[in-house]
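Participant: Once you've had a glance at the structure underneath, I'll fire off some questions.
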Protein chains: 2
Amino acid sequence: MSALTLQTKNRCFNGEQRYYSHQSSVTNTEMSFSIYLPDEALAGQTCPALLYLSGLTCSPDNVTHKAHFQQKCSELGMIFIAPDTSPKGESVPNDERYFVGQGASYYVNATEDKWSKHFNMHSYIIDEFYELIRSQFAISSVGITGHSMGGHGALMFGFKYPSKFISVSAIAPVCVASESDWGRAAFSEYFGAESEQTWAQFDAVNIVEKAGKQYPFILVDQGAADDFYVDGYLRPEALQKVCQQVEQPLTLRYHAGFDHSYYFIQSIINDHIEHHYNAALTAI
Amino acid sequence: MSALTLQTKNRCFNGEQRYYSHQSSVTNTEMSFSIYLPDEALAGQTCPALLYLSGLTCSPDNVTHKAHFQQKCSELGMIFIAPDTSPKGESVPNDERYFVGQGASYYVNATEDKWSKHFNMHSYIIDEFYELIRSQFAISSVGITGHSMGGHGALMFGFKYPSKFISVSAIAPVCVASESDWGRAAFSEYFGAESEQTWAQFDAVNIVEKAGKQYPFILVDQGAADDFYVDGYLRPEALQKVCQQVEQPLTLRYHAGFDHSYYFIQSIINDHIEHHYNAALTAI
């Protein structure tokens, strides 16, 4: 286990917003993440944690600056952790399209030569990073959520590895990555175009279908005026259908007038924090 | 009065976060600002407004993305308006120091040739911009606040033009600009080094001393671990002294562990919004 390097810390409400970096042996790069530690955690108490996976183009900064989770996490005594969306840097391959390469890992392990040395975000998140945060911070349980591509990641990890998570939610998730223009471009790079028939195994809807019911209920929020929703990139109705099929209770809410931005995320993030906090409480 | 151009609008809580631009005849540039309009304002109801002046290096983005005012303004039905910190652009003079030139107007009217065509932020804010927002939006009253250099601006405008504002507050304000290293560098550019004996007329403390008591009370918050406070750039104790002298009630709070960043601002912004909202209510 590599050592953590504290990059910054700032007092925020009754807690601290921190950034750390560490050397990853899975992505073969330095990786950074943000973590909000409420005073309970700073005093050495064990606290529930929420893992947030960000969307395309994002670093940990976007959610840390714009999602406004700190106040609610301070009130409840909850840890909030945001890893990066991919390995990054000059030595890491990239693509000029914003939905492929750096900032666009889809949280999968790439098999194509160009990408496979660094783009192992699936193993990074679920093995190395998960073990890192559990060993370095006093965490009682971990919930998982995410936005857009990160919502795809939250559903994928939550239903593929239910023993690791107490609760799942998602904000405007990409529910069928292999059928979206974004995901098709990325998967053809990471896995090769000839493997197209296997891409669907990474789709949130197929993983939920295979896993069956895993949680008392999951929470998904979708802005009804979100262009990516309107244009079919997200497809929450496919998630709703598969949840009905496997009897996985789902609260799917549509919000009139809201788009895909962090202005939407900040407007509903408190409900997600409470969803995960309540699940953690129930599990005690 | 120049026309407003709507740049963006995003639904956020029960309201809309908007950005506008307009052509200023005072700064001789295009100027932009952000405005949060709660649903009451969107429905045509008259609402109280809070004008927020940002600090060094900022655009309207910093406070709009990072201060987290939208939720409380949505709850109370309050308009929140953030103008820019200076004229900007390739045709506008600048300086390599972050505390002089673009992003660092100190909200004064420059007299030196290099700056005087564009750097008229004093007249811009108190005349053109004030009239613009009052004519274009249904505003019942205006409170003024700001951070750092913007806290200097809020105190300066609030006590120089008390008929225009219902309430004043400030977050980590520069209280004696002409005696801070930042302000001395800027004022020597904007007014010329030979006019040094006149610079103090722009200091918040001197304007409060001259104006005397103007408000039932003013609210000032200061992070106790703020390096700029520790190093003497801000000097809230000088503001406290002059407020005692002129019997202007002041609530000056120090917050252990907090620094100069937006992590501090977001932690106390709700108290400022409520301060101004309560003043607006009392005035009805």
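The values are calculated or read from the model by the stated rules, or taken from the named source; none is laboratory data. Everything numeric in this text was worked out from a predicted model, so none of it was measured. Here the Cβ positions follow ideal geometry from the backbone for every residue, glycine too, while neighbour counts run over all protein chains shown. The protein model used for the area step is the full one, side chains on, heavy atoms only, and it has no ligands, DNA or RNA in it. Shrake-Rupley method; radii C 1.70, N 1.55, O 1.52, S 1.80 Å.
Participant: Being open to solvent by 10 Å² or more (accessible area, probe 1.4 Å) and in contact with a strand residue (DSSP E or B) (Cβ under 8 Å, 6 or more places away or on another chain) is the filter here, so list the residues in the stretch A:127-146 that pass it.
Facilitator: A:TYR130, A:ARG134, A:PHE137, A:ALA138, A:ILE139, A:SER140, A:SER141 - these are the residues of the stretch A:127-146 that are open to solvent by 10 Å² or more (accessible area, probe 1.4 Å) and in contact with a strand residue (DSSP E or B) (Cβ under 8 Å, 6 or more places away or on another chain).
Participant: Moving on. Of all the residues that make up the stretch B:227-247, how many are of a type outside the set (Phe, Trp, Tyr) and either within 13 Å of B:ALA170 (Cβ to Cβ) or in contact (Cβ under 8 Å) with a residue 60 or more places away in the chain (or both)?
Facilitator: 7
Participant: Can you tell me which residue in the stretch A:224-245 is farthest from the chain's Cα centre (by Cα), limited to those that are within 14 Å of chain B (Cβ to nearest Cβ) and not hydrophobic (A, V, I, L, M, F, W, C)?
Facilitator: Of everything passing the filter in the stretch A:224-245, A:ASP227 is farthest from the chain's Cα centre (by Cα).
Participant: Okay, next question. Residue check, A:ARG11 against (1) of a type in the set (D, E, K, R); (2) farther than 18 Å from A:LEU132 by Cβ; (3) open to solvent by less than 30 Å² (accessible area, probe 1.4 Å), all met but one. Which one?
Facilitator: The one condition A:ARG11 does not meet is (3).
Participant: Across the stretch B:239-253, what is the number of residues that are open to solvent by less than 20 Å² (accessible area, probe 1.4 Å) and either on the phi > 0 side of the Ramachandran plot or assigned to a helix (DSSP H, G or I) (or both)?
Facilitator: Going through the stretch B:239-253 one residue at a time, the tally reaches 3.
Participant: Oh, and also: Could you say which residue among A:ASP84, A:ASP61 is touching a residue at least 24 places away in the same chain (Cβ under 8 Å), under 20 Å from A:ALA104 (Cα atoms) and within 14 Å of chain B (Cβ to nearest Cβ)?
Facilitator: None of the others qualify; the one that does is A:ASP61.
Participant: Next question, about the same structure. In contact (Cβ under 8 Å) with a residue 40 or more places away in the chain and assigned to a loop (DSSP other than H, G, I, E, B): which single residue out of B:GLN214, B:GLN266 fits that description? Lay out the reasoning, then the answer.
Facilitator: On the way: B:GLN266 fails: assigned to a loop (DSSP other than H, G, I, E, B).
Answer to the check: B:GLN214.
Participant: Which is closer than 16 Å to B:PRO48 by Cβ and not polar (S, T, N, Q), of B:LYS164, B:LYS160?
Facilitator: The conditions single out B:LYS164.
Participant: Now, a different point. Is it the case that A:TYR98 is in a loop (DSSP other than H, G, I, E, B) and touching a helix residue (DSSP H, G or I) at 6+ places or on another chain (Cβ under 6 Å)? I'd like the intermediate steps shown before the answer.
Facilitator: Values: in a loop (DSSP other than H, G, I, E, B): yes; touching a helix residue (DSSP H, G or I) at 6+ places or on another chain (Cβ under 6 Å): no.
Criteria not met by A:TYR98.
Participant: What residue, among those in the stretch A:49-67 that are open to solvent by less than 20 Å² (accessible area, probe 1.4 Å), outside any loop (DSSP other than H, G, I, E, B) and of a type outside the set (A, V, I, L, M, F, W, C), is nearest to A:VAL100 (Cα to Cα)?
Facilitator: In this case the residue turns out to be A:PRO60.
Participant: Checking the structure you have, find out if any residue of the stretch A:193-213 is in contact with a Pro (Cβ under 8 Å, 6 or more places away or on another chain) and more than 28 Å from A:ASN62 (Cβ to Cβ).
Facilitator: yes
Participant: Looking at (1) in a helix (DSSP H, G or I); (2) without any contact (Cβ under 8 Å) to a residue 40 or more places away in the chain; (3) in contact with a Lys or Arg (Cβ under 7 Å, 6 or more places away or on another chain), can you tell me which one A:PRO93 breaks?
Facilitator: Only one criterion is unmet by A:PRO93, namely (1).
Participant: Looking at the stretch B:270-284, which of the residues that are among the aliphatic types (A, V, I, L, M) and under 19 Å from B:TYR36 (Cβ atoms) is nearest to the chain's Cα centre (by Cα)?
Facilitator: Here the answer is B:ILE273.
Participant: Name, by its number, the condition in (1) within 15 Å of the chain's Cα centre (by Cα); (2) farther than 17 Å from A:SER32 by Cα that does not hold for A:ASN94.
Facilitator: So A:ASN94 meets the others, but not (1).
Participant: Can you tell me how many residues within the stretch B:186-198 are out of contact with any strand residue (DSSP E or B) (no Cβ under 9 Å at 6 or more places or on another chain) and either aliphatic (A, V, I, L, M) or within 18 Å of B:VAL242 (Cα to Cα) (or both)? Break it down stepwise before answering.
Facilitator: Of all residues in the stretch B:186-198, those out of contact with any strand residue (DSSP E or B) (no Cβ under 9 Å at 6 or more places or on another chain) come to B:187-188, B:191-198.
Narrowing further to those that are either aliphatic (A, V, I, L, M) or within 18 Å of B:VAL242 (Cα to Cα) (or both): B:193.
So the answer is 1.
Participant: Which of the residues that make up the stretch B:254-284 are more than 14 Å from every other protein chain (Cβ to nearest Cβ), surrounded by fewer than 17 Cβ atoms within 10 Å (Cβ to Cβ) and of a type outside the set (S, T, N, Q)? Lay out the reasoning, then the answer.
Facilitator: Our first condition is that a residue be more than 14 Å from every other protein chain (Cβ to nearest Cβ); within the stretch B:254-284, this holds for B:272, B:274-284.
Next, from what is left, pick out any that are surrounded by fewer than 17 Cβ atoms within 10 Å (Cβ to Cβ): B:274, B:278, B:281-284.
B:GLU274, B:LEU281, B:ALA283, B:ILE284 - these are the residues of the stretch B:254-284 that are more than 14 Å from every other protein chain (Cβ to nearest Cβ), surrounded by fewer than 17 Cβ atoms within 10 Å (Cβ to Cβ) and of a type outside the set (S, T, N, Q).
Participant: Answer yes or no: is there a residue in the stretch B:205-215 that is within 27 Å of B:LYS164 (Cβ to Cβ), touching a helix residue (DSSP H, G or I) at 6+ places or on another chain (Cβ under 9 Å) and exposed (fewer than 14 other Cβ atoms within 10 Å of the Cβ).
Facilitator: Yes: one or more hits.
Participant: Could you figure out which of (1) touching a Phe, Trp or Tyr at 6+ places or on another chain (Cβ under 7 Å); (2) closer than 24 Å to B:TYR161 by Cβ; (3) within 14 Å of another protein chain (Cβ to nearest Cβ) isn't true of B:LEU250?
Facilitator: Looking at each condition in turn, B:LEU250 falls short on (3).
Participant: Also: Consider only pairs whose beta carbons are under 9 Å apart and that are at least six residues apart or on different chains; among these, list those whose first residue lies in the stretch A:113-133 and is more than 12 Å from A:PRO87 (Cβ to Cβ) and whose second residue is assigned to a helix (DSSP H, G or I) and among the acidic types (Asp, Glu).
Facilitator: Here the result reads A:LYS114/A:GLU189, each pair linking the stretch A:113-133 to a residue that is assigned to a helix (DSSP H, G or I) and among the acidic types (Asp, Glu).
Participant: Residue check, B:TRP182 against (1) modelled with pLDDT of 95 or more; (2) closer than 21 Å to B:SER54 by Cα; (3) not small (Gly, Ala, Ser), all met but one. Which one?
Facilitator: The one condition B:TRP182 does not meet is (1).
Participant: Here is a further query. Of everything in the stretch A:17-48, what is buried (at least 21 other Cβ atoms within 10 Å of the Cβ) and within 14 Å of chain B (Cβ to nearest Cβ)? Give them in sequence order.
Facilitator: Answer for the stretch A:17-48, where residues must be buried (at least 21 other Cβ atoms within 10 Å of the Cβ) and within 14 Å of chain B (Cβ to nearest Cβ): A:GLN17, A:SER34, A:ILE35, A:TYR36, A:LEU37, A:PRO38.
Participant: Kindly establish whether A:GLN197 is surrounded by fewer than 19 Cβ atoms within 10 Å (Cβ to Cβ), modelled with pLDDT of 95 or more and over 17 Å from the mean Cα position of the chain (by Cα).
Facilitator: When the stated conditions are applied, A:GLN197 does not pass them.
Participant: Okay, next question. A:GLU189: open to solvent by 20 Å² or more (accessible area, probe 1.4 Å), over 19 Å from the mean Cα position of the chain (by Cα) and more than 22 Å from A:SER54 (Cβ to Cβ), yes or no? Reasoning before the result, please.
Facilitator: Working: open to solvent by 20 Å² or more (accessible area, probe 1.4 Å): yes; over 19 Å from the mean Cα position of the chain (by Cα): yes; more than 22 Å from A:SER54 (Cβ to Cβ): no.
It is false that A:GLU189 is open to solvent by 20 Å² or more (accessible area, probe 1.4 Å), over 19 Å from the mean Cα position of the chain (by Cα) and more than 22 Å from A:SER54 (Cβ to Cβ).
Participant: Could you check how many residues of the stretch A:3-48 are in contact with a His (Cβ under 7 Å, 6 or more places away or on another chain) and either at pLDDT below 95 or part of a loop (DSSP other than H, G, I, E, B) (or both)?
Facilitator: Within the stretch A:3-48, residues that are in contact with a His (Cβ under 7 Å, 6 or more places away or on another chain) and either at pLDDT below 95 or part of a loop (DSSP other than H, G, I, E, B) (or both) number 5.
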